[in-house]
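The values are calculated or read from the model by the stated rules, or taken from the named source; none is laboratory data. All of these numbers come straight from a predicted model, not from anything done at the bench. Backbone-built Cβ (ideal geometry, glycine too); neighbour counts: all protein chains shown.
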Amino acid sequence: MIVKRFKANRVYGYLDFNISFNNDTSFLVGGNGSGKTTALKLMNALVSPNFKELIQIPFSAVSLEVEEDGKVIIISAKIN
């Protein structure tokens with residue numbers, strides 16, 4: 001599985017993510033409190049799926065685009 005893109009809106013009410021990943025290696029870089037760990041936790045919760053983790057982190061919408069055997073799969077969650 002290749003992770004292609006991660007998007008999230010209003011994480012903790014103020015963070016928005018739109019991260020595109022390279023096919024080989026990608027790095028998440030940012031200052032303390034910029035959301036690196038939160039983005040990884042949300043991605044893991046979507047793939048697992050781990051509903052407990054998803055409800056512990058406030059967000060409006062999250063989605064993860066992955067590629068498996070040439071097929072693009074989008075996993076998403078939205079809070080109403």
Point to revise | Matching residues, region 50-80, being within 13 Å of residue 4 (Cβ to Cβ) and either of a type in the set (S, T, N, Q) or within 12 Å of the chain's Cα centre (by Cα) (or both) | key: 63, 64, 65, 66, 74, 75
**Study point:** Complete set of residues in region 21-49 that are in a loop (DSSP other than H, G, I, E, B) and closer than 11 Å to residue 3 by Cβ
**Key:** 21, 22, 23, 26
Exercise for review: Output the residue which, of all residues in region 56-66 that are at pLDDT 95 or above and outside any loop (DSSP other than H, G, I, E, B), is farthest from residue 16 (Cα to Cα).
Suggested key: 66
Point to revise | Number of the condition not met by residue 53 [criteria: (1) buried (at least 17 other Cβ atoms within 10 Å of the Cβ); (2) assigned to a helix (DSSP H, G or I)] | key: (1)
